[in-house]
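S.K.: Pasting a structure here, questions to come.
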Amino acid sequence: MPGDSKCPATADAVVVLTDHDCFDYHLAEQVCTFIFDTRNRCRGPNIQRL
């Protein structure tokens, strides 16, 4: 995710395809409308694990 936290907030959905420690998953959980998570890294009501 780019340093600009508004970028994913403007998307309808975000897909987590890779598991990198440098990615701020906590920030993504807060600003993203909906997340499809294939790596089981995110938690919350707006998360769908695949």
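S.K.: Taking neighbour Cβ counts within 10 Å as the exposure measure, how do C42, C32, C22 sort from fewest upward?
M.R.: Working: C42 19, C32 23, C22 5.
Least crowded to most crowded, the residues run C22, C42, C32.
S.K.: Got a sec to turn the phi values of the range 28-37 into Karplus ³J(HN,Hα) couplings, 6.51 cos²θ - 1.76 cosθ + 1.60 with θ = phi - 60°, whole Hz, x for Gly and Pro?
M.R.: 4, 4, 7, 9, 7, 5, 8, 10, 8, 10
S.K.: Where the convex hull is taken over the Cα atoms of the chain, what is its projected area averaged over directions, in nm²?
M.R.: Details: hull surface 12.0 nm².
Average projection, Cα convex hull of the chain: 3.0 nm².
S.K.: 5 Å is the cut-off here: which amide hydrogens, built 1.01 Å from N in the peptide plane, fall below it relative to V14, excluding neighbours closer than 5 in sequence?
M.R.: F34, I35, F36
S.K.: Follow-up question, since we're still on this one. At 222 nm, what helix-only mean residue ellipticity would the chain give, in deg cm²/dmol to the nearest 500, using -39500 (n - 2.57) for each DSSP H run of four or more? Before the final figure, lay out each step's value.
M.R.: Values: 2 runs with 11 residues, N = 50.
Calculated at 222 nm, the ellipticity per residue is -4500 deg cm²/dmol.
S.K.: Give the relative contact order (percent, whole number) for the range 6-49; include only Cα pairs under 8 Å separated by 6+ residues. Let's see the in-between values first.
M.R.: Numbers: 63 pairs, mean separation 17.7, N = 44.
Relative CO of the range 6-49 lands at 40 percent.
Read-outs: derived from the displayed coordinates by stated rules, not from any lab. Source: prediction; values computed, not measured. Heads up, the Cβs are rebuilt from the backbone with ideal geometry, glycines too, and the neighbour counts pull from every protein chain shown.
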